[in-house]
Ligand code: SF4
Ligand code: SF4
């Protein structure tokens, strides 16, 4: 038998990964969410909310990994049922994941489940929050606890408790490599009203901000910025995509369900409208990789000096040029 070179790439495996990657349909995130709000950099949250970079595409391998996390969830509920916890992951009224919104729909939390019968407090309803992590992160969690190793998870838990009115959270964390479950004394998180309200105030600030908040660091190579998906636009190296969310004329509207309004046309914009934008789009200046040097008297165009010294005109005048 001829031995195969270990680095020979299988066409079948390559085709599977490519097929998985091809069928993904990345979408911009419509609302602020519990999983976003714990980010330290408010500017990064604003960029995400304003669709300032294209939604991420993942490799076939990463997509399989995400699916593995979802496939684990029914098993968690089976394990909880084994000890008498009555938990449900689906809202019977909608047939979908339990979902709660605040700020006129602009902030959403989707919880993994809710239930009673936990050994420590059988009568108290808890949110079930399922987290999977690799061995390195799991060991860190065991060493220093949830608040220190995963502050963004605590923020998510607080926002979920705040929006749902369920004031206990069971942190069900699994080591992906060994299937060990986290059993620290902090596994039940209590609702902290002050911390939760601070998070909602933070979300409202992001919602109301017409310009990006200050950066967490001026040095985009700093550790805090290392994995930030908005790094290019934040550092003035890239345009944001041309959608209504990056347009000066759009505003998140109050009184509806996550509605956006076009102040130029006086219309409410559907998600599809927002993705498409229109010919009268004008960039929020911080979403252009240049410095604003002029504005047309009627406000229909804005001129920028670009890093290479050329000028670039955004708006109607640009189309006429
Ligand atoms: S690159 Fe840094 S400062 Fe800019 S948005 Fe990201 S985390 Fe914030
Ligand atoms: S002017 Fe056009 S791109 Fe701008 S918010 Fe209105 S519809 Fe969207």
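So here's what we get for this one:
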{"read-out": "Of all residues in segment 201-213 being assigned to a loop (DSSP other than H, G, I, E, B) and more than 8 Å from ligand 1 (Cβ to nearest atom), the one that is farthest from residue 246 (Cα to Cα)", "value": "213"}
{"read-out": "Out of 266, 277, 235, sole residue that is farther than 30 Å from residue 75 by Cα and touching a residue at least 24 places away in the same chain (Cβ under 8 Å)", "value": "277"}
{"read-out": "Count of residues meeting criterion [away from ligand 1 (no atom under 16 Å from the Cβ) and touching a helix residue (DSSP H, G or I) at 6+ places or on another chain (Cβ under 7 Å)] in segment 218-258", "value": "9"}
{"read-out": "Lone qualifier among 164, 183 - being at pLDDT 95 or above and either more than 22 Å from residue 105 (Cβ to Cβ) or within 16 Å of ligand 1 (Cβ to nearest atom) (or both)", "value": "183"}
{"read-out": "Those residues of segment 36-72 which are away from ligand 2 (no atom under 16 Å from the Cβ) and touching a strand residue (DSSP E or B) at 6+ places or on another chain (Cβ under 6 Å), in sequence order", "value": "69"}
{"read-out": "Lone unmet requirement of (1) in a loop (DSSP other than H, G, I, E, B); (2) crowded, with 17+ Cβ neighbours inside 10 Å for residue 84", "value": "(2)"}
{"read-out": "Lone qualifier among 58, 66, 28 - being over 28 Å from residue 198 (Cβ atoms), touching a residue at least 24 places away in the same chain (Cβ under 8 Å) and more than 16 Å from ligand 1 (Cβ to nearest atom)", "value": "58"}
{"read-out": "Subset of segment 261-275 (residues that are more than 8 Å from ligand 2 (Cβ to nearest atom) and in contact with a helix residue (DSSP H, G or I) (Cβ under 9 Å, 6 or more places away or on another chain))", "value": "275"}
{"read-out": "Segment 94-141, residues that are in a loop (DSSP other than H, G, I, E, B) and surrounded by fewer than 19 Cβ atoms within 10 Å (Cβ to Cβ)", "value": "94, 95, 117, 119, 120, 122, 123, 124, 125, 134"}
{"read-out": "Residue within segment 193-203 that is surrounded by fewer than 15 Cβ atoms within 10 Å (Cβ to Cβ), closer than 28 Å to residue 27 by Cβ and assigned by TED's automatic domain parsing to the domain that holds residue 50 present", "value": "yes"}
{"read-out": "Yes/no for residue 59 being at pLDDT 95 or above and either over 17 Å from the mean Cα position of the chain (by Cα) or loosely packed, with under 12 Cβ neighbours inside 10 Å (or both)", "value": "yes"}
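The values are calculated or read from the model by the stated rules, or taken from the named source; none is laboratory data. Because the structure is a prediction, the values reported are computed rather than measured. Cβ sites come from the backbone with ideal geometry, for glycine too, and all protein chains shown count toward neighbours.
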